[in-house]
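The values are calculated or read from the model by the stated rules, or taken from the named source; none is laboratory data. If you're wondering where the values come from, they're calculated on a predicted model, not measured in any experiment. Don't worry about glycine lacking a Cβ; one is built from the backbone with ideal geometry, like all the others, and counts go over all protein chains shown. Just so you know, the surface numbers come from the protein's heavy atoms only, side chains and all, with ligands and any DNA or RNA stripped out. Shrake-Rupley method; radii C 1.70, N 1.55, O 1.52, S 1.80 Å.
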Amino acid sequence: MKKAIDVSNFWLPGPVSDDEALRLMQEAKRQGYSRVIAGTQIPSVCFQQLQAAYRAGQEIQAYLQLNPTQDLHTQVLEADRAVDTLPISRLWVTVEWRGPEYLLAVLTSALADCRRTSFPYLGIYTNTSNWARHMSDTAIFRSYPLWWAGYGNSALDAHEWRGAGFGGWWRPSMKQWLQNVDVVGMNCDQNVY
């Protein structure tokens, strides 16, 4: 099992230099974190985080925190600009909005927009309750890899997934299991894959 960090809580306590960003990612790699995921909400921060991780030799991924009340095409273009020319291995599209109900067409449209940009490898980030509440537990997206926000045990064990299984997925590709943890001075969410 490999370890990943979601650094989307941005730089805490504040901005850092590019050299410091690289040092932090190198130290995270030394501690066994082989993958770094950053949210595209603040493009300059996302780019700095992923560029530092890439320079440190880590696999890099990004996520788009989808907001169905805003123009989807604009959100996808902004995410594309946030990662610029970095070789991300996957863009995760989130289903966690706590506002109006998601429509299947919203997620379908966002995923189609992502495929038309520089994001050929897509996945879905969600948890059991958000998928049930916003997507009526549909299984039509099961061909996309799932990044499951399933807090608790760090292992991707079959027993735990049987109790939480949803959306037609056989098992998650990655599991976020712990939030707001200090990893070498960065506020991160811990993941396994």
ask   = Looking only at the stretch 139-151, which residues are of a type outside the set (F, W, Y), at pLDDT 90 or above and assigned to a loop (DSSP other than H, G, I, E, B)?
value = A139, I140, R142, S143, P145
task = Would you check if there is a residue in the stretch 54-62 being closer than 15 Å to D189 by Cβ and within 17 Å of the chain's Cα centre (by Cα)?
result = yes
Test: R81 is within 18 Å of D189 (Cβ to Cβ) and either aromatic (F, W, Y) or at pLDDT below 90 (or both) = no
message = For the stretch 54-75, give me the residue count where each residue is open to solvent by 20 Å² or more (accessible area, probe 1.4 Å), touching a strand residue (DSSP E or B) at 6+ places or on another chain (Cβ under 7 Å) and among the hydrophobic types (A, V, I, L, M, F, W, C).
response = 0
ask   = Does the stretch 41-73 hold any residues that are in contact with a helix residue (DSSP H, G or I) (Cβ under 7 Å, 6 or more places away or on another chain) and part of a helix (DSSP H, G or I), and which are they?
value = P43, C46, F47, Q48, Q49, L50, A52, A53, R55, L72, H73
message = Given the criterion open to solvent by less than 60 Å² (accessible area, probe 1.4 Å), touching a residue at least 12 places away in the same chain (Cβ under 8 Å) and part of a loop (DSSP other than H, G, I, E, B), identify the matching residue among S8, S34.
response = S8
request  = Could you please tell me which pairs satisfy a Cβ distance under 6 Å, a separation of 6+ or placement on different chains, a first residue in the stretch 117-137 that is over 16 Å from L107 (Cβ atoms) and part of a helix (DSSP H, G or I), and a second residue that is open to solvent by less than 50 Å² (accessible area, probe 1.4 Å) and at pLDDT below 90?
outcome  = T128/A164
key: Matching residues in the stretch 4-23 - criterion: being at pLDDT below 95 and within 19 Å of Q179 (Cβ to Cβ)   = V7, S8, N9, F10, W11, L12, P13
